[in-house]
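Worksheet: the structure to be examined is printed underneath.
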There are 2 protein chains.
Amino acid sequence: MTHAPLPDPVRLVVDCMGGDHGPSVTLPACRAFLDKHPTAELLLVGQPEALKSAVAWPRCRIVAASEVVTMDDPIEVALRRKRDSSMRVAIQQLKARDGEPVLAHACVSAGNTGALMAVAKVLLKTVAGIDRPAIAAVMPNAAGRFTTVLDLGANVDSAAENLLQFAVLGSALVSAVDGIEEPSVGLLNIGEEAIKGSETIKQAGELLRAAGSAGQLNFYGNVEGNDIFKGTTDIVVCDGFVGNVMLKASEGLAGMMGGFIKAEFTRDWLSMLGGLLARPVLNRFKHRVDHRRFNGAALLGLRGLVFKSHGSADAFAFEMALARAYDAARNRLLDRVHERIVATLQASTVTGATDAGDKAAPAAQAA
Amino acid sequence: MTHAPLPDPVRLVVDCMGGDHGPSVTLPACRAFLDKHPTAELLLVGQPEALKSAVAWPRCRIVAASEVVTMDDPIEVALRRKRDSSMRVAIQQLKARDGEPVLAHACVSAGNTGALMAVAKVLLKTVAGIDRPAIAAVMPNAAGRFTTVLDLGANVDSAAENLLQFAVLGSALVSAVDGIEEPSVGLLNIGEEAIKGSETIKQAGELLRAAGSAGQLNFYGNVEGNDIFKGTTDIVVCDGFVGNVMLKASEGLAGMMGGFIKAEFTRDWLSMLGGLLARPVLNRFKHRVDHRRFNGAALLGLRGLVFKSHGSADAFAFEMALARAYDAARNRLLDRVHERIVATLQASTVTGATDAGDKAAPAAQAA
């Protein structure tokens, strides 16, 4: 199991038209990313007219795509009608053609999540051993680190096997991006207030415990909602409905608290003076909970690395998503997923991992 | 449909031994509550020795109970073994005996939630028309009001009919406690990222829409996690697993953000000075998000009013729970639940509401 980084150049493909702001955000982010990653290369996908300011950039190439998937486009439109969209063309670059090396090692888009997941699934297919792809993102925790949570909305009604697969995918992600080789995994459950979770959760607990006992995963046990922000485990796995509600409620609560702070500090001149004097402190606080720093959710379980930026991301946030995708590609996330599937899932429940012994299988990544 | 308040005296029964701190918190809270509610009466349940300081209080009577359900006691212990626990004896006071008026109109306990719900269910039974009781609590929102959310953990795998029943129960609660006669109801769902919720959620949406069209409920439609803190609707209904994760994640996030603020303001002498100068502002902020103000979850759907205080509540928080229970009892929450069941559930899906036409049925409450 070698985890030497991918040899340079690592190449990202960027859907420059996606998100609320399109090239006005994605291009400055790409520029900043290139400056900070002196060996990285980018493929910029979009309408050439909109991307012309990037024509002469170093380590950069523009790939034309005539259409744009809007934030409101139904999945069907992205999938069947806009076949020359920047989103679709970008994902296409992750596919190896006829034994050729792939054109790009990871894709980043701020386009609408439903469309991105659907197009990625159709074009890339899921990895053998994974039934359903999942969305993973990080949240800050009180321990000063990050908690990676998945699934955040790709699946509803996840079965126990899906939750085990999420644990495998999340472990691979955290080892690649955060450098923790055996990250701890918690299963999101509820406290004594009820019957300690549904049948599905109990079964998932058994599968995860078995994988933990066999040394295939670092399974911690059950965790509750507050453990996400305590940082009890590196990874928290849950059904996508639960994860999505938790994510959006957290965004809503953080927004509300930020709004309250702002309202109180601008209420009268005395408060404003207080705010002025406390500004350095408030700025440090703001930095700690700045969700832009955590931007870049991974679509995991696909035969290609796709990262989703928040649609409303600014250039700083989009650059963070590019950096996460770059780290994942450079640290061979696809290979790590594959290795973990071989180690964990093949032994237990998953059928279809027929190429599990074939180390070269996901090596399009390493080409 | 008359909603004239219950005639004085309204009487609460208090499990004085429950919670992390027992009488050292519950007694001062009861004393403060009595001072602020000059016609209210209290039954204080617990070990007489522990409650002797309250012996001479006005409008107050001590009810002896020799045992205490601890925060760690399994449900079985509370239910079968400790039959003279303060929790059990307190709930017992809500039961009318042989046509006598009830001894108390609502019960408040800070004891462990699982035990409290189990004992309440066994002793009180559920209201006709309600299959499963639910736990409802309020969360502050950016609109400066409260959002009532249920279920917060009494049920997992709620069916569509349960979610409709939660909407009925929540509407009755908000009308009684917050004085909003036709509160708006949102169904917690996830965004376009997935298939817009499970089959259960879709069916619940249909039931709720039908009840809304028939004028039986003020149904708003789907809401997402962030809408809880935006204050999009007065009530948000969800399965208890989802609600519990959301609640605990929110507590964890708020705690983390509070901890970050504190850490930054005590980092060095300059920060401390800033904090000193900004203290009035920070205190106002703290007040706005102070979860003690929102203490007091309702166990809804039972033939008696039971309110659950946070186990770690201090006297101020416990007093808030007493006040909520008092408002619910005074404004005839049980009658309101009954009326709404007759109006909404009988017409649609629920069987077993055989006494639905009988207005006197839950009138033990009004005795």
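The values are calculated or read from the model by the stated rules, or taken from the named source; none is laboratory data. Being a predicted model, the structure only gives us computed values, none of them experimental. As a convention, Cβ positions derive from the backbone with ideal geometry for all residues, glycine included, and neighbour counts pool all protein chains shown. Please note that ligands, DNA and RNA were not included when accessible areas were found on the heavy atoms of the full protein model with its side chains. Shrake-Rupley method; radii C 1.70, N 1.55, O 1.52, S 1.80 Å.
Given the structure, is A:L300 over 30 Å from A:G129 (Cβ atoms) and of a type outside the set (D, E, K, R)?
So A:L300 does not fit the description; no.
Being basic (K, R) and more than 23 Å from the chain's Cα centre (by Cα) is true for just one of B:R293, B:R288, B:R284, B:R303. Which residue is that?
B:R284
Does at least one position in the range A:42-54 carry a residue that is in contact with a Lys or Arg (Cβ under 6 Å, 6 or more places away or on another chain) and farther than 20 Å from A:S309 by Cβ?
Taking every residue of the range A:42-54 in turn, none turns out to be in contact with a Lys or Arg (Cβ under 6 Å, 6 or more places away or on another chain) and farther than 20 Å from A:S309 by Cβ.
Under 11 Å from A:C16 (Cα atoms) and of a type outside the set (D, E, K, R), is that true of A:A40?
Spelling it out, it is not the case that A:A40 is under 11 Å from A:C16 (Cα atoms) and of a type outside the set (D, E, K, R).
Within the range B:199-207, can one find any residue that is more than 13 Å from chain A (Cβ to nearest Cβ) and either among the basic types (K, R) or touching a strand residue (DSSP E or B) at 6+ places or on another chain (Cβ under 8 Å) (or both)?
Among the residues of the range B:199-207, at least one is more than 13 Å from chain A (Cβ to nearest Cβ) and either among the basic types (K, R) or touching a strand residue (DSSP E or B) at 6+ places or on another chain (Cβ under 8 Å) (or both), which makes the answer yes.
Considering only the range B:265-280, I want to know if a residue exists there that is among the hydroxyl-bearing types (S, T, Y) and within 24 Å of B:A134 (Cβ to Cβ).
no
In the range B:239-258, what residues are in contact (Cβ under 8 Å) with a residue 40 or more places away in the chain, over 15 Å from the mean Cα position of the chain (by Cα) and more than 7 Å from chain A (Cβ to nearest Cβ)?
B:D239
Considering only residues that are open to solvent by less than 10 Å² (accessible area, probe 1.4 Å) and either of a type in the set (F, W, Y) or within 7 Å of chain A (Cβ to nearest Cβ) (or both), which ones fall in the range B:218-237?
B:G225, B:I228, B:F229 - these are the residues of the range B:218-237 that are open to solvent by less than 10 Å² (accessible area, probe 1.4 Å) and either of a type in the set (F, W, Y) or within 7 Å of chain A (Cβ to nearest Cβ) (or both).
In this structure, is A:F294 farther than 17 Å from B:F265 by Cα and either within 14 Å of chain B (Cβ to nearest Cβ) or at pLDDT 85 or above (or both)?
Spelling it out, A:F294 is indeed farther than 17 Å from B:F265 by Cα and either within 14 Å of chain B (Cβ to nearest Cβ) or at pLDDT 85 or above (or both).
What are the pairs, 6+ residues apart or on separate chains, where a residue within the range B:259-278 that is more than 7 Å from chain A (Cβ to nearest Cβ) has its Cβ under 7 Å from a residue that is open to solvent by less than 100 Å² (accessible area, probe 1.4 Å) and of a type in the set (S, T, Y)?
Between residues of the range B:259-278 that are more than 7 Å from chain A (Cβ to nearest Cβ) and residues that are open to solvent by less than 100 Å² (accessible area, probe 1.4 Å) and of a type in the set (S, T, Y), the close pairs are B:M272/B:T266.
Which ones in the range A:90-108 are crowded, with 24+ Cβ neighbours inside 10 Å and out of contact with any Lys or Arg (no Cβ under 6 Å at 6 or more places or on another chain)?
A:A90, A:I91, A:L94, A:A106, A:C107, A:V108
For every residue, the table says whether it meets (1) within 14 Å of chain A (Cβ to nearest Cβ); (2) in contact with a helix residue (DSSP H, G or I) (Cβ under 6 Å, 6 or more places away or on another chain).
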residue	(1), (2)
B:A64	no, yes
B:R83	no, no
B:P101	no, no
B:A118	yes, yes
B:R145	yes, no
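Looking only at the range B:32-45, which residues are in contact with an Asp or Glu (Cβ under 9 Å, 6 or more places away or on another chain) and assigned to a helix (DSSP H, G or I)?
B:A32, B:F33, B:L34, B:K36
Condition first: open to solvent by 20 Å² or more (accessible area, probe 1.4 Å), small (G, A, S), more than 28 Å from B:K36 (Cβ to Cβ) and in the same structural domain as B:Q216 (by TED's automatic domain parsing). Can you find one or more residues in the range B:152-163 that meet it?
Yes, the range B:152-163 has at least one match.
Looking at the range A:25-53 only, could you name the residues that are farther than 13 Å from A:E319 by Cα, open to solvent by 10 Å² or more (accessible area, probe 1.4 Å), touching a helix residue (DSSP H, G or I) at 6+ places or on another chain (Cβ under 9 Å) and not hydrophobic (A, V, I, L, M, F, W, C)?
Result: A:E41, A:Q47, A:S53.
Residues that are in contact (Cβ under 8 Å) with a residue 24 or more places away in the chain and within 16 Å of B:L299 (Cα to Cα): find the strands (runs of 3 or more DSSP E) completely inside the range B:46-154 holding 2 or more of those.
Fully inside the range B:46-154 and qualifying: B:106-109, B:134-140, B:146-150.
Filter the range A:57-70 for residues that are under 23 Å from the mean Cα position of the chain (by Cα) and either open to solvent by less than 50 Å² (accessible area, probe 1.4 Å) or small (G, A, S) (or both) and give the result.
A:V68, A:V69
Given the options A:V149, A:V127, A:V122, name the one that is touching a Leu at 6+ places or on another chain (Cβ under 8 Å) and either of a type outside the set (A, V, I, L, M, F, W, C) or within 10 Å of chain B (Cβ to nearest Cβ) (or both).
It is A:V149.
So how many residues does the range B:1-22 have that are open to solvent by 50 Å² or more (accessible area, probe 1.4 Å) and within 19 Å of the chain's Cα centre (by Cα)?
2
Name the single residue, out of those in the range A:113-151 being farther than 18 Å from A:A78 by Cα and hydroxyl-bearing (S, T, Y), that is most open to solvent (accessible area, probe 1.4 Å).
A:T126
Taking the options B:R288, B:R303, B:R292, name whichever one is open to solvent by 40 Å² or more (accessible area, probe 1.4 Å), within 30 Å of B:L123 (Cα to Cα) and touching a residue at least 40 places away in the same chain (Cβ under 8 Å).
B:R303
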